[in-house]
2 protein chains.
Amino acid sequence: MLDFEKSGGLVPAIVQDEETEEVLMLAYMNQEAWEKTLATRKAHYWSRSRQQLWLKGGTSGHIQEVRAILVDCDLDTVLLKVHQVGGAACHKGYPSCFCHKVERDELKVVSTQVFDPKEVYKS
Amino acid sequence: MLDFEKSGGLVPAIVQDEETEEVLMLAYMNQEAWEKTLATRKAHYWSRSRQQLWLKGGTSGHIQEVRAILVDCDLDTVLLKVHQVGGAACHKGYPSCFCHKVERDELKVVSTQVFDPKEVYKS
């Protein structure tokens, strides 16, 4: 259904909050993550830094319940519409990973943390 | 401002319609595309298929006027909020490139073309 070969086995997945329509994050899926996501309706990705399958929220409890899955015209990019449990997708505690805004050619943090990462990721 | 080195010189850019909040497409930027976008407030990308700088809408006239630029917590992904001239971001004539929806494990086209690609791309 997806073209995993074009980009070396991984396709980018954009994640959008189904309710607020805010774009939450970008992650990557391999075939296994894609199949797990379809089967469980919980977002799974391939962690490029840890080189392993990643159930989003597996540690923090902030899972993403998948409400709709869209695929682009070239079959190489995914858009997940999700319910974000806990109200925060970002591992730094922000609702969205897109916490910086470019203003006058400088980056400015424009979001407020909804959790303290030190409390959530205790290890 | 961005970490272009992490992913080999290119960062993914998610494009969202500022008015409808629909996610329109995903493209890639190199340093030059990023700087041109900042300077002109018109979305520029790096075309991986053509291996050249790409002013989005340069051929079709469907440019993207950049209204806001957000950057993620890792400084390696961009979110552009744009006004999409012509009402269609997809080169196949759909408003959004995300024209397929996964329904019962099959892909179904869920969008309607707003232009005929044969008319817009005459060459």
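The values are calculated or read from the model by the stated rules, or taken from the named source; none is laboratory data. Because the structure is predicted, anything quoted here is derived from the model rather than measured. We place every Cβ from the backbone using ideal geometry, glycine too, and count neighbours over all the protein chains shown. All accessible areas refer to the heavy atoms of the entire protein, side chains included, with ligands and DNA or RNA removed. Shrake-Rupley method; radii C 1.70, N 1.55, O 1.52, S 1.80 Å.
Can you tell which of A:Leu107, A:Leu53 is closer than 20 Å to B:Ile69 by Cα and open to solvent by 10 Å² or more (accessible area, probe 1.4 Å)?
A:Leu107
Which residues, counting only those in region A:47-74, are modelled with pLDDT of 95 or more and in contact with a Leu (Cβ under 9 Å, 6 or more places away or on another chain)?
A:Ser47, A:Ile63, A:Gln64, A:Val66, A:Arg67, A:Ala68, A:Ile69, A:Leu70, A:Val71, A:Asp72
Please count how many residues of region B:101-120 are at negative phi and in a loop (DSSP other than H, G, I, E, B).
Number of matching residues: 7.
Would you mind stating whether B:Gly93 is under 14 Å from the mean Cα position of the chain (by Cα), at pLDDT below 95 and within 13 Å of chain A (Cβ to nearest Cβ)?
Yes, satisfied.
Picking from A:Thr77, A:Thr112, A:Thr59, which residue would you name as being of a type in the set (Ser, Thr, Tyr) and open to solvent by less than 70 Å² (accessible area, probe 1.4 Å)?
Unique residue meeting the criteria: A:Thr77.
Closer than 27 Å to A:Glu35 by Cα and of a type in the set (Gly, Ala, Ser): which single residue out of B:Ser96, B:Ser49, B:Ser60 fits that description?
Sole residue among the options that is closer than 27 Å to A:Glu35 by Cα and of a type in the set (Gly, Ala, Ser): B:Ser96.
Determine if region A:25-36 includes at least one residue that is under 11 Å from the mean Cα position of the chain (by Cα), over 19 Å from B:Val102 (Cβ atoms) and either within 13 Å of chain B (Cβ to nearest Cβ) or open to solvent by 50 Å² or more (accessible area, probe 1.4 Å) (or both).
Yes, region A:25-36 has at least one match.
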